[in-house]
Amino acid sequence: MSAVIFHVLTLFPEMVIQGLSPSVIGRAWEKKIISLNAVDIRDYTTDRHRKVDDYPYGGGAGMLMQAQPVYDAHRAVTGGRKVRTIYVTPQGTPFTQAKARELANEDELVFLCGHYEGIDERVLEEIVTDYISIGDYVLTGGELPAMVMIDAIARLIPGVLGNDISAEEESFYNDLLEYPQYSRPEEWREKRVPEVLLSGDHKKVMQWRLEQARQRTAERRPDLYERYQEKQLLIRKLGRHKRNNIHLMESLERGCAEVLYSETEPAHWAEEACAETGNRIEAGKHTAEKSHTAAEKHSMKEQNSAEISILLYDRSCKTCMALAANTASGKIIAEKLPEDTEMVIVSESFLRELLIKRGYKVLGSYSQMLYTRKETLSVKHKEIRPLTMEHFPYVCCWYCSDDKCNPGIDDVYVRERIQAGAMYGAFMEGRQVGFVGIHSEGSLGMLFVEEAFRRQGIAASLEAYAVNRMLERGWTPYGHISVGNIASEKLQEKLGFYKAEKTFWWMEKTLANST
Ligand code: 9D3
């Protein structure tokens, strides 16, 4: 993978370069993980006085940037290719972390910085794909906003910040502001560090921090706090069927998923659905037997088992998780599925069928297993550590080669997981013999041990190690195991995992996309 390129079209190129060079972003540039290209729009003017502005038609204060130099500068950078082009403007949509995540997936970005009172609308129509502002206040130009966005986007690119699970996923209390922190000395200007932090009681410390984070958020960001409370309510409701819903709960808890749809009181729908079938039976007793095929009966049972319908979307890995209490909400969910969704995890057969009609295909069926205890596991095999890119060929050799065995897994994905610090390897006297990983949507998986090194507890150690890493982050470890992979199920059970009653289907968007 080549470096992600940030082009900036501006009248002040040195401002952008000098602003970003001394920072972490500058170091990433040196390491060739990213590349910065500041282009002086003035270099592209055809005016012999190097003029790039003129008066606005219809009158009004100030000057406008002309279309021609902007267009030619853009053309010089893109060579006519379609490249995501962001006009930084006070008239744009506010920049958010979600937007940063979205843009971090691009290989190349162009930022256009305006000056004077703006830019001739015609060139904007030709080249701009996104209009973005950084907030409701007035600056003197678009350079600082472009730098702000580049900083926020670049730090999400694997390798820019270093090799641990990214700062993004690191935070314990997503959706809340950070708790207050203290360092030495214990007492400063008669202010003591809160006693609980000196107690050494890890559990108490966590509780105190969560409470502080809550209070702070409620006080300073009531908007965030309201969303947090709504999510917490959903998590509590999903918790009534924890084994079946842990993937949804964890996505919400870890803050990686947006709620695109939720319906927590569909009980009356389920009743209606039952009443309907009931009526049908009353209306034509002689056809009643025939009208209930095995599939229908199964579907009715499914309809009654979940009292929540929910659609979650993890933008970073373009993965949806859905739970539908009944076919009516199933239809709503199928409709609300974002255009760019690549994977969907479902557990209702009617939802699976709806998705097949929408151009998704089943990758495989899986059992969901979760580890609900808080205690870390003992890791017998000692040589286990996070993988770096030097181990990439090994993982690819054993994991990406077999398409049938590992659907949906490719070397791009493996690279991303390693760089996210989410893969761990087992070694024997320095030689790698296996690995395990945490998937982008949060489940434990990718377990592999070389044939010659099996039956020595290395797989169990790898799993235990990954479980411990997840527990450290305050996560509930869970994983998806191919239905029928008894060996893996047995291993998980031995470690203390429980299996959900439901079966889960992983579905992938097919190229031939029907509507
Ligand atoms: C008189 C109309 N002004 C709009 C409020 C004109 C104007 C003011 C400031 C035009 C450009 C600018 C310079 N600002 C940006 O280019 C800019 C910006 C900002 O000022 N605030 C927040 N986000 C951004 S992104 C680009």
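Worth pointing out:
- Pairs of Cα atoms nearer than 8 Å and 6+ residues apart set the relative contact order; for the chain it is 13 percent.
- Between helix 67-78 and the chain there is an angle of about 50 degrees, using the helix long axis and the longest principal axis of the Cα atoms.
- Computed FRET value (nearest 0.05) for ILE17 with ASP411, which takes r as the C-beta separation and R₀ as 35 Å: 0.55
- Taking label points 7 Å from Cα along the Cα-to-Cβ direction, CYS397 and GLU342 give a separation of 2.6 nm.
- Ranking by accessible area, most exposed first, for LYS32, LYS494 with a 1.4 Å probe: LYS494, LYS32
- Solvent-accessible heavy-atom area per residue, rounded to whole Å², over the range 172-257 at 1.4 Å: 67
- Nearest-ten-degree value, helix 222-238 long axis tilted from longest Cα axis of the chain: 20
- P(r) of the chain over all Cα-Cα pairs, binned every 20 Å from zero, in whole percent: 18, 46, 30, 6, 0
- Expected 222 nm ellipticity per residue - DSSP helices of 4 or more, -39500 (n - 2.57), all of the chain, to 500: -11500 deg cm²/dmol
- Calculated P(r) tail over 24 Å for the range 99-199, as whole % of Cα pairs: 50
- Within the accessible area of the chain (1.4 Å probe), percent carbon and sulfur: 51
- Cα shape, the range 56-153, gyration tensor, a/c 1.5 rule: oblate
- Summed over the residues of the range 1-127 and divided among them, the accessible surface reaches 55 Å² per residue at a probe radius of 1.4 Å.
- Mean separation of Cα contacts under 8 Å (6+ apart) over length of the range 86-232, as relative contact order %: 23
The values are calculated or read from the model by the stated rules, or taken from the named source; none is laboratory data. Values in this document were obtained by computation on a predicted structure and should not be read as measured data. Cβ coordinates were reconstructed from backbone atoms using ideal geometry, including for glycine residues, and neighbour counts include every protein chain displayed. Surface areas here come from the heavy atoms of the whole protein model, side chains and all, with no ligands, DNA or RNA. Shrake-Rupley method; radii C 1.70, N 1.55, O 1.52, S 1.80 Å.
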